[in-house]
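Quick notes on the structure that follows.
The values are calculated or read from the model by the stated rules, or taken from the named source; none is laboratory data. What you see is a predicted model; the values in this text were computed from it and never measured. All Cβ positions, glycine included, derive from the backbone under ideal geometry; neighbour counts span all protein chains shown. All accessible areas refer to the heavy atoms of the entire protein, side chains included, with ligands and DNA or RNA removed. Shrake-Rupley method; radii C 1.70, N 1.55, O 1.52, S 1.80 Å.
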Amino acid sequence: MPLWRADKCQDVQSASWRPRRADGPQLNAQLEGWLSQVQSTKRPARAIIAPHAGYTYCGSCAAHAYKQVDPSITRRIFILGPSHHVPLSRCALSSVDIYRTPLYDLRIDQKIYGELWKTGMFERMSLQTDEDEHSIEMHLPYTAKAMESHKDEFTIIPVLVGALSESKEQEFGKLFSKYLADPSNLFVVSSDFCHWGQRFRYSYYDESQGEIYRSIEHLDKMGMSIIEQLDPVSFSNYLKKYHNTICGRHPIGVLLNAITELQKNGMNMSFSFLNYAQSSQCRNWQDSSVSYAAGALTVH
């Protein structure tokens, strides 16, 4: 299925920002450039959190997460992205076998899909939903690039995550924890951070932080610090208090609950954010911006 078209998306200012099939060489060079400027300090990552906006905005930020991927041990990549366009109260699986990217095709792991399907906890994405949703799509070229030295040796497991209740986040966390425990698996959690401005209907501003963009950064970093503490309850409480428009909050909640499950069994892990950026610096009420953060989970 050709997932690559140029079209609009709701949460970035530019209109034509999704790479197309013909963009392969240029895109490859871009990704190589961003990755070459980053250190691999948290390798091998067992999970990463990275943004899903246009690469012009967040490509360099995302590189900080993807640089932590070790292609020599990674055999399955779970990509958990939030649903932007369709209401989902559970999680959904793709109905296709292959995702095409401008670099090379990525195979969906039908064995793992079969295991997930048998739980009765998932629904199917329609082809239209699959093609419209960018939260998984924007991670495919970076996944392909990070894994290119072992490109015939891995599969992907794309999962569209709905607006889960806290108890559902726990259930899905428990389900995915057994996969997170396996060192040959990598979890990619797709999320942008604060969407600020009138068009996002979100304008939280703590004047004590100075300029609006400083307040946004302070708010985001509060949430990032809680994620680093690996505490799903504190993260839920933070969201209830500040309503920060973190679009991947439910995939992040699932990851945090999966980690909690493994910690109960004595597994020692840590998460570190490695980069933070904003699409622009908001200084007045007419401005808008989207924030991006990249981080990695390592197992000790």
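Quick one: in the stretch 51-89, of everything that is in a helix (DSSP H, G or I) and open to solvent by 40 Å² or more (accessible area, probe 1.4 Å), which residue is nearest to Ile112 (Cα to Cα)? Full working, then the answer.
As a first pass, look at the stretch 51-89 and keep what is in a helix (DSSP H, G or I): 55-66.
Subsequent filtering for residues that are open to solvent by 40 Å² or more (accessible area, probe 1.4 Å) retains 56-57, 60, 64.
Details: Thr56: 33, Tyr57: 33, Ser60: 31, His64: 28 Å.
Once the filter is applied, the top-ranked residue is His64.
For (1) more than 30 Å from Arg283 (Cα to Cα); (2) of a type in the set (A, V, I, L, M); (3) open to solvent by 10 Å² or more (accessible area, probe 1.4 Å), each residue gets a yes or a no:
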residue: Thr129; (1), (2), (3): yes, no, yes
residue: Asp132; (1), (2), (3): yes, no, yes
residue: Thr155; (1), (2), (3): yes, no, yes
residue: Asp192; (1), (2), (3): no, no, no
residue: Ser203; (1), (2), (3): no, no, yes
>> Among the residues of the stretch 90-120, what is the count of those that are among the hydrophobic types (A, V, I, L, M, F, W, C) and not in a strand (DSSP E or B)?
In response: 5
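Quick check on Ala163: is it touching a residue at least 40 places away in the same chain (Cβ under 8 Å), out of contact with any strand residue (DSSP E or B) (no Cβ under 7 Å at 6 or more places or on another chain), over 25 Å from Val69 (Cα atoms) and of a type in the set (Gly, Ala, Ser)? It would help to see each step written out before you state the result.
On the way: touching a residue at least 40 places away in the same chain (Cβ under 8 Å): yes; out of contact with any strand residue (DSSP E or B) (no Cβ under 7 Å at 6 or more places or on another chain): yes; over 25 Å from Val69 (Cα atoms): yes; of a type in the set (Gly, Ala, Ser): yes.
Answer is yes for this residue.
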>> Considering only the stretch 58-67, I want to know if a residue exists there that is of a type outside the set (A, V, I, L, M) and within 18 Å of His250 (Cα to Cα).
In response: no
>> Report every pair of residues separated by at least 6 positions or lying on different chains whose Cβ atoms are under 6 Å apart, first residue within the stretch 22-45 and at pLDDT 95 or above, second hydrophobic (A, V, I, L, M, F, W, C) and open to solvent by less than 20 Å² (accessible area, probe 1.4 Å).
In response: Trp34/Ala63; Leu35/Ala63; Val38/Ala63; Ala45/Val69; Ala45/Ala296
> If you check every pair at least six apart or on different chains, which have Cβ atoms under 7 Å apart with a residue in the stretch 60-84 that is under 13 Å from Ala296 (Cβ atoms) and touching a residue at least 24 places away in the same chain (Cβ under 8 Å) first and a residue that is part of a helix (DSSP H, G or I) and open to solvent by 10 Å² or more (accessible area, probe 1.4 Å) second?
Replying inline: Ala63/Trp34; Ala63/Leu35; Tyr66/Leu35; Tyr66/Ala146; Lys67/Leu35; Val69/Ala146
>> Can you find a residue that is over 26 Å from Met269 (Cβ atoms) and assigned to a strand (DSSP E or B) anywhere in the stretch 170-188?
In response: no
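Looking only at residues that are aromatic (Phe, Trp, Tyr) and touching a strand residue (DSSP E or B) at 6+ places or on another chain (Cβ under 7 Å) in the stretch 177-201, which one is nearest to Lys221 (Cα to Cα)? Show your work before the answer.
At the first step, the residues of the stretch 177-201 found to be aromatic (Phe, Trp, Tyr) are 179, 187, 193, 196, 200.
Checking the rest, the ones that are also touching a strand residue (DSSP E or B) at 6+ places or on another chain (Cβ under 7 Å) come to 179, 187, 193, 196.
Values: Tyr179: 28, Phe187: 22, Phe193: 10, Trp196: 15 Å.
So the residue we want is Phe193.
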> Which members of the stretch 218-234 meet the condition of being open to solvent by less than 70 Å² (accessible area, probe 1.4 Å) and touching a helix residue (DSSP H, G or I) at 6+ places or on another chain (Cβ under 8 Å)?
Replying inline: Leu219, Met222, Gly223, Ile226, Ile227, Leu230, Asp231, Pro232, Ser234
> All but one of (1) of a type outside the set (Val, Ile, Thr); (2) in contact (Cβ under 8 Å) with a residue 40 or more places away in the chain; (3) open to solvent by 40 Å² or more (accessible area, probe 1.4 Å) hold for Glu207; which doesn't?
Replying inline: (2)
> So how many residues does the stretch 240-265 have that are surrounded by fewer than 17 Cβ atoms within 10 Å (Cβ to Cβ) and within 21 Å of Phe187 (Cβ to Cβ)?
Replying inline: 3
